[in-house]
């Protein structure tokens, strides 16, 4: 799995080849399949490991004041997408494209992020606010992905815009 994670900055998970992973690990393809029943299981494990790394990267440090938690998470998210743009977009698009093993990991990751956002913003945990924050995440993923490819504003302006949209959506 470590090799899959090392390849992700330059290779979307769906494009990892089992032969390349086995070659880099110095093992046979059949030995890799001893640990993973099939290619999909390997991809799923790498996707889950990458999502867990992103989750750990985005979480606010213990003791961070609530008003700084969301802004810090946004800044770290932008940095994550800058570093892993192609892989992150493949993850987001794979989930949107209905690939069930990517969708499951993606939905779990988003649900965890919604919980953190609700707590950081000190909002009630109700269906409306969850729906609004999920919509905001979709907007954020798309805008940040585009911005990384073609920056049309400064990074601080991007962060301010994303925070402003979130504040407007959740102020109801």
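The values are calculated or read from the model by the stated rules, or taken from the named source; none is laboratory data. These numbers come from a predicted model, not from an experiment. Here Cβ is always computed from backbone atoms with ideal geometry, including for glycine, and neighbour counts include all displayed protein chains.
Among the residues of the stretch 98-116, is any modelled with pLDDT under 85, more than 30 Å from residue 154 (Cβ to Cβ), loosely packed, with under 12 Cβ neighbours inside 10 Å and under 18 Å from the mean Cα position of the chain (by Cα)?
yes
Consider residue 24 carefully, then state whether it is surrounded by 14 or more Cβ atoms within 10 Å (Cβ to Cβ) and either at pLDDT below 85 or more than 14 Å from residue 84 (Cα to Cα) (or both).
No; evaluated as a whole, the condition is false for this residue.
Regarding residue 147, is this residue under 27 Å from residue 4 (Cα atoms), surrounded by 13 or more Cβ atoms within 10 Å (Cβ to Cβ) and at pLDDT 90 or above?
Answer is yes for this residue.
State yes or no: is residue 45 in a helix (DSSP H, G or I), under 16 Å from the mean Cα position of the chain (by Cα), surrounded by 14 or more Cβ atoms within 10 Å (Cβ to Cβ) and without any contact (Cβ under 8 Å) to a residue 60 or more places away in the chain?
Yes: the conditions hold for residue 45.
Looking at 58, 74, which is the one that is surrounded by 18 or more Cβ atoms within 10 Å (Cβ to Cβ) and within 11 Å of the chain's Cα centre (by Cα)?
Sole residue among the options that is surrounded by 18 or more Cβ atoms within 10 Å (Cβ to Cβ) and within 11 Å of the chain's Cα centre (by Cα): 58.
Look at residue 32 and say whether it is modelled with pLDDT of 85 or more, assigned to a helix (DSSP H, G or I) and either surrounded by 15 or more Cβ atoms within 10 Å (Cβ to Cβ) or in contact with a helix residue (DSSP H, G or I) (Cβ under 7 Å, 6 or more places away or on another chain) (or both).
yes
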